[in-house]
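Have a look at the structure below before the remarks.
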Amino acid sequence: MPCYKDEKTGTWYCQFRYADFTGKRKQKRKRGFKTKREAQEWEREFHLQKAKSCDMTLASFVELYFNDREHHVRDTTMDTKRNIFDTKIVPLLGNRKMNEITALDIRDWQQRIKEMGEATGLPYSETYLYTIHAQLTALFNYAQTFYGLRFNPCDASGYMGSSVAGEMLIITKDQYELLRKEFRNEAYLLAFDILFWTGCREGEMLALLPKDLTDDDQLRIYKTYHRKKGQDIFGPTKNSKKGGNRNVPIPHWLAEEFRTYCSRLYGLTPDDRVFYMTCTALNKELTRCTQLTYLPDIRVHDLRHSHVSLCIELGYSIVLVAKRIGDTVPVVMRTYAHLYPNKQQELVSKLEAIGSPTSNNDDSDLMSLG
């Protein structure tokens, strides 16, 4: 692997030819290496990537994985992946070769991750640990499927954390009524009313336009919003192909609140965003108000949980709830099943009431089967 020194900059570079996936020969040049060895190592990893070999380092393989996945998942999903790999996986396993990482290595890595959380004074939640492990598992699954890796060490190591969340923080309708008295202005009041009374995600709420409210008081939810590096980013809703895009009927008073607020915004057009606060600002305002009212320190997303809890308490089916919040029935079952136990007894009580015998006949009136 010949490498060359750039006399002007004092750094090293590699230059070589390779065949792309069509078989066409191309030239590759990479500059800026401090040492000849670094340049040679970069060229070696490049050739391994092209050869679809798992003899490369995990850090190099992550680049290939990201290049593929970014064409198949939402931007926000990709951002989550990058953050987890950049902070929890590559720093610890990045220099190891993919085909040399064992189940014991994964066990050691799991312990290090837990220690990282404990070192902050606030250990990572069981669901976050599960998410971190799931990301690494997905990487090795990809290597098995497309690069011929013989086995996934994450399968043998066992999972870290739990997919089932602990106690869910929710607030009742009465608690929310106390909370809404403290919001600093009409914008926050309407924003939180929509979140509590529809169960939509904060990104879906922030993406709302005046034209998204229909004449028959339904909110059309078909997009989401977030900011990335100072830029406004619009994208599809989560589960957009599985019911994420939906029309959500809302109370007439909430629809009128939405219309009145929009009418007071000077120059607002049907295609303008209604809300201009950020997710961070929403969470800060919610924290401020929960502290003033001595209510549980909930997150903005917990208002979604609170809406689901309210719907379940009102007796609505899990299918209807899933359709309303834009999730699948299995996800809603897995997330909110613990809110249903008391409904079983209510069901039995109603069956008792409608199914109790009304006839006055006694056993003597029954025809003998003997």
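Within the range 210-223, can one find any residue that is under 16 Å from the mean Cα position of the chain (by Cα) and either at pLDDT below 95 or crowded, with 16+ Cβ neighbours inside 10 Å (or both)? There is at least one residue in the range 210-223 that is under 16 Å from the mean Cα position of the chain (by Cα) and either at pLDDT below 95 or crowded, with 16+ Cβ neighbours inside 10 Å (or both). Filtering Val274, Val308 for residues that are part of a helix (DSSP H, G or I) and either in contact with a helix residue (DSSP H, G or I) (Cβ under 7 Å, 6 or more places away or on another chain) or in contact (Cβ under 8 Å) with a residue 24 or more places away in the chain (or both) leaves a single hit, Val308.
Consider the range 234-271 and keep the residues that are part of a helix (DSSP H, G or I) and touching a Gly at 6+ places or on another chain (Cβ under 9 Å). The one that is nearest to Met205 (Cα to Cα) is Gly244.
When restricted to residues that are out of contact with any helix residue (DSSP H, G or I) (no Cβ under 8 Å at 6 or more places or on another chain) and without any contact (Cβ under 8 Å) to a residue 12 or more places away in the chain, the range 135-157 contains 4.
Taking the range 89-116 as the range and being more than 24 Å from Asp55 (Cβ to Cβ) and either basic (Lys, Arg) or without any contact (Cβ under 8 Å) to a residue 12 or more places away in the chain (or both) as the test, the residues that pass are Gln111, Arg112, Lys114, Glu115. Condition test on Lys284, is it out of contact with any helix residue (DSSP H, G or I) (no Cβ under 6 Å at 6 or more places or on another chain) and either touching a residue at least 60 places away in the same chain (Cβ under 8 Å) or assigned by TED's automatic domain parsing to the domain that holds Ile325 (or both)? Yes: the conditions hold for Lys284.
Among the residues making up the range 246-258, those that are in contact with a strand residue (DSSP E or B) (Cβ under 7 Å, 6 or more places away or on another chain) and surrounded by fewer than 16 Cβ atoms within 10 Å (Cβ to Cβ) are Asn247, Pro249.
When the range 273-297 is filtered for residues that are of a type in the set (Val, Ile, Thr), modelled with pLDDT under 90 and more than 17 Å from the chain's Cα centre (by Cα), only Thr278 remains.
For the residues Asp79, Asp86, the requirement of being loosely packed, with under 15 Cβ neighbours inside 10 Å, within 20 Å of the chain's Cα centre (by Cα) and within 22 Å of Glu45 (Cα to Cα) singles out Asp86. For Leu149, the stated conditions hold: it is in contact with a Cys (Cβ under 7 Å, 6 or more places away or on another chain) and buried (at least 16 other Cβ atoms within 10 Å of the Cβ). Taking the criterion of being free of Cβ contacts under 8 Å to residues at least 40 places away in the same chain and within 24 Å of Met78 (Cα to Cα), the residues of the range 117-134 that qualify are Gly117, Tyr124, Thr127, Tyr128, Leu129, Tyr130, His133, Ala134. When we screen Gly203, Gly199 for residues that are over 15 Å from Phe275 (Cα atoms), assigned by TED's automatic domain parsing to the domain that holds Arg264 and touching a residue at least 60 places away in the same chain (Cβ under 8 Å), the only hit is Gly199.
Which ones in the range 37-69 are charged (D, E, K, R), more than 23 Å from Tyr128 (Cβ to Cβ) and touching a helix residue (DSSP H, G or I) at 6+ places or on another chain (Cβ under 8 Å)? Glu45, Lys52, Asp55, Glu63, Asp68 - these are the residues of the range 37-69 that are charged (D, E, K, R), more than 23 Å from Tyr128 (Cβ to Cβ) and touching a helix residue (DSSP H, G or I) at 6+ places or on another chain (Cβ under 8 Å). Evaluate the following for Val331: is it modelled with pLDDT of 90 or more, in the same structural domain as Glu202 (by TED's automatic domain parsing) and either under 18 Å from the mean Cα position of the chain (by Cα) or among the small types (Gly, Ala, Ser) (or both)? When the stated conditions are applied, Val331 does not pass them. Here Phe192, Phe196, Phe275 are screened, and the one residue that is closer than 27 Å to Thr172 by Cα, buried (at least 18 other Cβ atoms within 10 Å of the Cβ) and in contact with a His (Cβ under 7 Å, 6 or more places away or on another chain) is Phe196. Taken across the range 151-160, residues that are closer than 30 Å to Cys279 by Cα, hydrophobic (A, V, I, L, M, F, W, C) and more than 23 Å from the chain's Cα centre (by Cα) do not occur at all.
The values are calculated or read from the model by the stated rules, or taken from the named source; none is laboratory data. Everything numeric here is computed off the predicted structure, so don't read it as measured data. So basically every Cβ, Gly included, is an ideal-geometry build from the backbone, and we count neighbours across all protein chains shown.
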